[in-house]
1. Residues that are touching a Gly at 6+ places or on another chain (Cβ under 8 Å), farther than 19 Å from Ala20 by Cβ and not polar (S, T, N, Q): does region 41-56 have at least one?
2. Filter region 2-53 down to residues that are among the basic types (Lys, Arg) and touching a residue at least 24 places away in the same chain (Cβ under 8 Å), then give me how many there are.
3. Would you be able to say whether some residue in region 77-92 is modelled with pLDDT under 80 and part of a strand (DSSP E or B)?
4. Starting from residues that are basic (Lys, Arg) and part of a loop (DSSP other than H, G, I, E, B), keep the ones in region 1-55 and report whichever is surrounded by the fewest Cβ atoms within 10 Å (Cβ to Cβ).
5. Being within 16 Å of the chain's Cα centre (by Cα) and closer than 13 Å to Met72 by Cβ: is that true of Val45 here?
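The values are calculated or read from the model by the stated rules, or taken from the named source; none is laboratory data. Just so it is clear, the model here is predicted, and its values are computed rather than measured. All Cβ positions, glycine included, derive from the backbone under ideal geometry; neighbour counts span all protein chains shown.
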Amino acid sequence: MDQLETAAAVWAMADYRRVAERLMPAAERLAATLGVGRGRQAIDVAAGTGNVAVCLQEQGWSVYATDVSARMVELGRARTGSAAVPAKRTMPEVANTAPPVQSTAAPG
């Protein structure tokens, strides 16, 4: 088992939903700080159960969420229960299918 598989297995063993509930206010603050996202895109890496993805989508963002753990992906899908939420993929799938990400330097 490689490091990625080990990490996925560890995350799959725990019930992360309680931690996600506790972290939800931070996701809400982040989405409020970023503001309305019509026409904007985000990638939620290590999305877990999808807090940040859901909060950004509520602000109009198009969000691609991913997690190393297939279990976290399942929990995120079950939590949203909506076809409007883009399908999440596990990290190995993203590495093989995601387009390259362009980044820009932060002003300052």
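1. no
2. Total satisfying the criteria: 1.
3. Looking through region 77-92, at least one residue is modelled with pLDDT under 80 and part of a strand (DSSP E or B).
4. Among them, the one singled out is Arg38.
5. Answer is yes for this residue.
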